[in-house]
1. Report, as an integer, the average count of C-beta atoms from other chains found within 10 Å of each Cβ along A:60-69.
2. Mind checking segment B:1-94 for chymotrypsin sites (Phe, Trp or Tyr not before Pro) that DSSP puts in a loop (not H, G, I, E or B) and that have at most 11 other Cβ atoms within 10 Å?
3. Can you show me the helix-derived [θ] at 222 nm for chain A, built from DSSP H runs with n ≥ 4 at -39,500 (n - 2.57) apiece and divided by the number of residues, rounded to the nearest 500.
4. Two decimals is fine: what's Rg over Rh for chain B, C-alpha atoms, Kirkwood radius as Rh?
5. Accessible area, 1.4 Å probe, largest first: how do B:148, B:121, B:154 sort?
6. Give me P(r) over chain A, computed from all C-alpha to C-alpha distances, binned every 10 Å, as integer percentages.
7. For a quick check of understanding: with a 1.4 angstrom probe and all protein chains in place, what accessible area in square angstrom does residue B:82 have, to the nearest ten?
8. Using only Cα atoms, locate the centre of segment B:197-255 and the centre of segment B:44-107, then give the distance between them in Å, rounded to an integer.
Amino acid sequence: MPLAVRGSAIALAFAVAVFAAAVLRTSAQSRGPVAIETVLDIPPIPGDVARALTFGFRSLLADFTLLQAIQVLPARHGDMPPELAAPIDRRLFRLLEYSVEIDPKFSGAYRFAAAALPHETGDGKVYGVLDAIQILEKGLRERPDEWQMGFLLGFLQSYYLHDFPAAARSFGAAADLPHAPAFVGLLATRLAAQAGDLQIATSLAEAMLAHANEEATRKEWQDRVDALHMERDLRGIEEAAQRYREEKGVLPRSVHALVAAGFLPAAPREPHGGRYVLEGDGSARSTATERLRAYGLETRFEIH
Amino acid sequence: MSAVVAIAGNTVREFVRGKLLYNLLLFAALFVAGSLLVAQLTIGNWVRIILDMGLGAMEVAGVLLAIVIGVGIVAGEVQRKTILPTLAKPVPRWKFCAGRYAGLVLLLVVNAAVILAVLGLVLRLAGYSLGRTTLQAVALLCVEFAVLASVAVLFASFSTPILAGSYAFALFFIGHLLPDLRAFAEKSQSALGGNVARGFYLLLPDLELLNLKAHASNELPVAAAYVWRAAGYGTAYAAVVLAVAILIFSRRDLN
């Protein structure tokens, strides 16, 4: 066979193979069976046994389970019913618990657990706090050198459990550590003196936001800071409305009426992008999201 | 001594010309560079991911080189009969073994240094730097490679390459499980069981003593006294194993 013919035949065969691969791939994809959703399942062996079986690569496996937890978190939405959120919460907790069982010194996993596990609903119920506290107590034992462990535990104890003496003790212990910022000690003192104050909770959440270096963790803290800022604004509007009624005898018709009459210096900016509305009974609300109803000395979260 | 140095130099030259070293180095470098992407996809605290992936890649590449080349420099040469021209010269067998081993350890240290340089570069790109614990972890990884290379040479001194490689890999895995064997020995209700476990613990290399990867990624300080003692233990263990390998190899009938 002449060389030119043989070369052309090889080139033609190559082109046919490339074309066939492209066509058959598309064809196979369109006729494929229903995709099976695969999720990482924690192996049914205890974490301390798995740690031995990593043959020296335990921190790499701990990273992997934390990364899985970070991927799981966005599946849980703020307005999700508890029965739908519960399996996600369980999986998140198991992944984070496994991560710190495999590498008990993994401070990033403890910090993420404190931010990601607790979540509250609009009707004052809160989920995952006890799981987060369980993981953080292990973090306190394993990383006594990290002030963030005691600080995070103190935040959960004060914000969700309203156990202010325990929270003040946790902050106090965190403040004693060498690298703890000065504000931790101040917060411990203020918390002991002014338990239940909304401003204290806001200061704590803002401090955690400033010190969170993981993106997913920052988002969780940012959400809490926004909710507390909104609550502060709503209380300010309601107090101004009460002063307005005491002076004028009637309730104001809007937030702008309060500003115009000098009872508010300016209309506060709603942190979620909505606006504040004053109701006919003098209560205030946001058009963007539900109000945080369970903060203060009188009202409490329902822990689940 | 000059014969040992000459054989070590030849060993380095031989494997620098080969493809295995470059393939593993490329794999490790890509793995370390890839850690930057993985870190970006996931959490803001990138240093841990980069260090875990970088030190993991360094260990995988180093262990593969130590065992595959360690077996090849003795058993491979015997199997291919390429050892005979060397031994026909006035070179004692112990010098051959020691020289080949020294060349391999030098190669492993250079390999670790190259991966460390890539790791340092990736960390710098991410805005971090190599910490003291990371350097201590790399130093002890080099000692681990030296131990595994001596084990590979020992098994290769009396066995075929495939069997020697299998034994050496098994010892790598067992070496990382030894703390559990020690715990078993301490907790065992049976005196005989405890003594047997204790005997195996003393006989086998405790590679977890040389594992500071988790400390490096958690940025935990490690006392220099510990590093020196662990490195001394590993070096002494490798020397004893190499001596046994030389003893066996010196008495082996190569015909």
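1. 4
2. Nothing satisfies the criteria.
3. -20000 deg cm²/dmol
4. 1.01
5. Highest to lowest solvent-accessible surface, that is B:121, B:154, B:148.
6. 6, 21, 24, 18, 11, 8, 6, 3, 2, 1, 0
7. Surface open to solvent at residue B:82 totals about 60 Å².
8. 15
The values are calculated or read from the model by the stated rules, or taken from the named source; none is laboratory data. What you see is a predicted model, and the numbers here were worked out from it, not measured in a lab. Cβ sites come from the backbone with ideal geometry, for glycine too, and all protein chains shown count toward neighbours. These accessible areas exclude ligands, DNA and RNA; they are computed on the full protein's heavy atoms, side chains included. Shrake-Rupley method; radii C 1.70, N 1.55, O 1.52, S 1.80 Å.
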